[in-house]
Amino acid sequence: MKFIVNSQALLRNLQTISGVVGTNHTVPILNNFLFELEADKLTVTASDLETTMMISMPLSEVNGEGTVAVPSRILLETLKTFSDIPLIFNINDENKAIEITAGEGKYKLAGENAEGFPALPEMENTTKTEISSYVLVNAINKTIFATGNDDLRPVMSGVFFGLSPEGITFVATDAHKLVRYKRLDAKSENEVSFIVPKKPLNQLKNILGARKEEVQVSMDYNDKNAFFAFDNLSIICRLIDGKFPNYEAVIPKENPNKMTVDRMGFLNAIKRVSIFSSQSTPQARLKIEDKKLTITAEDLDYANEAKERFTCNYEGEPMEIGFNSKFLLEMLNNVDTDEICIEMSHPTRAGILLPIGNQNADEDILMLVMPIMLNQ
């Protein structure tokens, strides 16, 4: 096999999918890119068994067809050193030895037989829908920070997708915080749900988020895998098996105490005050009455303490409640509106954070954070 490819074009495409390539993987073949040459097109695949990414690029000069596994690390490091020049790849069909010619330079590396590379999962009995890249990136950004890392509860380590003719609901939770993000402008003919792991979602977020223009993402899914495709890129991921928690049941319906506050001012106050809290339990204490909010934090071990007073609009009984400041900051950083409302019922029950003045009528965001016991 022989082909000529632009060095920078190849580097960009390999870097796009390199996020799923393992380092010192227990399955050695997965430390490679799979090159597949067919007609005038090169398709490169990277996989970690759970997530597989494929990218294709047209070639102008090709001789032969076939497959070879190419060591990812050495190829990427070599390509980074080249300027924008044509590269000639010569691959021995028998022993898979690879020779790269770049100007006056020649580089040889040992390829591997591609037979050991894992086969793509078969996408049978799939349902298909399309979603805007802007909507998908926004949904991932708004939810993925709330996913958990507990191996004993794998269903909480991904984002729940609930598709229906009315819209798509994205939910993430780690049992301490929860985000429910609804889109009414993305719909599916059928009512179905599945849980997508974090790793492929992060890959999608990074790739689509770097694009300036909007594209339509094709989303195929069955009971085992989800397949995302746009332009020359495809991502196949194994879905998380299990039943997602009944998130609607944990959202308190009666919250008579409502505090409306400037988001950035509140965020910065929490950020400053939390510096003085205990590192083990970064507690922020909120004392609310009338139009006055007092935020305090302390670290008894080091005699550190901080207090800020803040103006707010408040409806309800005087209240004192504690939240993990790290969780509050994550939520406030993932809301776009100038004002937010925190709805509460009791110091021992979850608080609901809602954006105020959202201009997008197709977007519905609800964030929930569990309280923590106040230090007396």
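The values are calculated or read from the model by the stated rules, or taken from the named source; none is laboratory data. Here the structure is a predicted model, which is why all the values come from computation and not from measurement. Here the Cβ is made from the backbone with ideal geometry for all residues, glycine too, and neighbour counts use every protein chain on show. Just so you know, the surface numbers come from the protein's heavy atoms only, side chains and all, with ligands and any DNA or RNA stripped out. Shrake-Rupley method; radii C 1.70, N 1.55, O 1.52, S 1.80 Å.
General remarks:
- Dividing the helix sum by the residues of the chain, where each DSSP H run of 4 or more adds -39500 (n - 2.57), gives a mean residue ellipticity at 222 nm of -5000 deg cm²/dmol.
- Summarising the label geometry, the points placed 7 Å from Cα in the beta-carbon direction at LEU49 and ASN92 lie 3.1 nm from one another.
- Zone residues, the range 343-371, relative to GLU315, backbone N less than 16 Å from point 7 Å out along Cα-to-Cβ: 343-345, 352-357
- Length gained on full extension, GLU305 to ASP241: 18.5 nm, using 0.36 nm per residue less the C-alpha separation.
- Centre separation in Å (Cα based) which lies between the range 48-75 and the range 139-200: 32 Å
- Degrees between helix 133-143 axis and first principal axis of the chain (Cα, 0 to 90, nearest 10): 50 degrees
- Ordering LEU293, LEU49 by accessible surface, largest first, gives LEU49, LEU293; the 1.4 Å probe counts only protein heavy atoms, with every chain in place.
- Under 5 Å from the amide H of LYS292 lie the amide H atoms of CYS312, each residue being 5 or more positions distant or on a separate chain, with H modelled from the backbone and absent for Pro and chain starts.
- Remark: relative contact order (the chain) = 13 percent; criterion is Cα-Cα distance under 8 angstrom and separation of 6 or more residues.
- Accessible area per residue was computed with a 1.4 Å probe on protein heavy atoms; THR16 scores about 40 Å².
- For the range 108-115, 3J(HN,Hα) per residue [Karplus equation, 6.51 cos²θ - 1.76 cosθ + 1.60, θ = phi - 60°, Hz, x = Gly/Pro]: 10, 9, 8, x, 10, 5, 7, 4
- Peptide packing: for 236-242, 316-322, the average count of neighbouring Cβ atoms within 10 Å per residue gives the ranking 236-242, 316-322, highest mean first.
- Solvent exposure of the range 70-173, expressed per residue, is 51 Å² of accessible area, with all protein chains present and a 1.4 angstrom probe.
- 3J(HN,Hα) from dihedral phi, the range 144-157, Karplus parametrisation 6.51/-1.76/1.60, rounded to Hz, x for glycine, proline: 4, 5, 8, 6, x, 10, 7, 5, 6, 10, x, 5, 8, 8
- The 3J(HN,Hα) values that the Karplus relation (6.51, -1.76, 1.60; θ = phi - 60°) gives for the range 74-91 are, in residue order, 5, 5, 4, 5, 5, 4, 5, 8, 8, 7, 6, 9, x, 10, 9, 9, 10, 10 Hz. Gly and Pro appear as x.
- Contact order relative to length of the range 1-146, as percent, for alpha carbon pairs under 8 angstrom and 6 or more apart: 25 percent
- Between the helical axis of 263-274 and the longest alpha-carbon principal axis of the chain there is an angle of about 90 degrees.
- Overall, the accessible surface of the range 232-316 at a probe of 1.4 angstrom is composed of carbon and sulfur to the extent of 48 percent.
- Near GLY167, the amide H atoms lying under 5 Å from its own belong to SER188; only residues 5 or more places off or on other chains count, and H is placed 1.01 Å from N.
- Note that the range 225-266 presents 48 Å² accessible area per residue, ligands and nucleic acids not counted, probe 1.4 Å.
- Percent accessible area from carbon and sulfur atoms, the range 54-136, protein chains only, probe 1.4 Å: 46 percent
- Measuring between alpha carbons in the structure, the pairs from LYS80/LYS108; LYS80/LYS142; LYS187/LYS224; LYS212/LYS326; LYS182/LYS271; LYS243/LYS326 lying more than 23 angstrom apart are LYS80/LYS142; LYS212/LYS326; LYS182/LYS271; LYS243/LYS326.
- Carbon plus sulfur fraction of accessible area for the range 160-208, probe 1.4 Å, in percent: 44 percent
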